[in-house]
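FYI, it's all coordinate maths here, none of it is from the lab. Model, not experiment: these values are computed from the prediction. In this analysis, Cβ positions are derived from the backbone assuming ideal geometry, glycine residues included, and neighbour counts consider all displayed protein chains.
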Amino acid sequence: MAQNKGEQKLNEQGPTPFAQTYFHGTKTELKIGDQIQVGFNSNYGQKKNAKYIFLTATLDAAIWGAELSFGEGRERIYLVEPTGAIEDDPDLTDKKFPGNPTKSYRSTHPFKVVGEVTVWQGHPVEQVKTMKEHLEQLKDQGINSLND
């Protein structure tokens, strides 16, 4: 049987319009095309100049990022594209949890803002309060982020 020129062979990867979607949760107001970069005060931990910036492949982890970030601004979830290599976030992987269940990553390379998720459901207020209290307890015990 002859194969059409436009037909793809079985087991051969063809072009796809789909790419991994990454999210970044924050209270910082950004615009499409902006770049999120290292070197600014961290939204977490000891508020040091950030060595890394963070993204996740799950909307839930991005929502936590927005809810737990410092600042008084509105919580926001951005769609971002990494411009360089990314690696597992050691705070949320094998150093503290098996695998990478939140699909959370870090990078020293900028992320380009390509969109914003404007409709999402945050966690219950009591759950956020409990998480913030837990993070404060860890801080009081001297247990800091592996990213500081």
Just subtract the alpha-carbon distance of Lys112 and His134 from 0.36 nm times their residue separation and send over the number in nm, one decimal.
4.8 nm
Could you tell me the calculated FRET efficiency between Ile32 and Glu87, based on Cβ-Cβ distance and R0 = 30 angstrom, to the nearest 0.05?
0.70
Dmax and Rg, reported as Rg then Dmax, of the stretch 22-140 (C-alpha, Å)
13.7, 39
Ignoring solvent entirely, what values of log10 I(q)/I(0) come out of the Debye formula for the stretch 49-108 at 0.28 Å⁻¹ when each Cα is a single scatterer?
-1.31
Quick one: which of Lys51/Lys103; Lys27/Lys112; Lys31/Lys103; Lys51/Lys139; Lys51/Lys129; Lys31/Lys132 span more than 22 angstrom between C-alpha atoms?
Lys31/Lys103; Lys51/Lys129; Lys31/Lys132
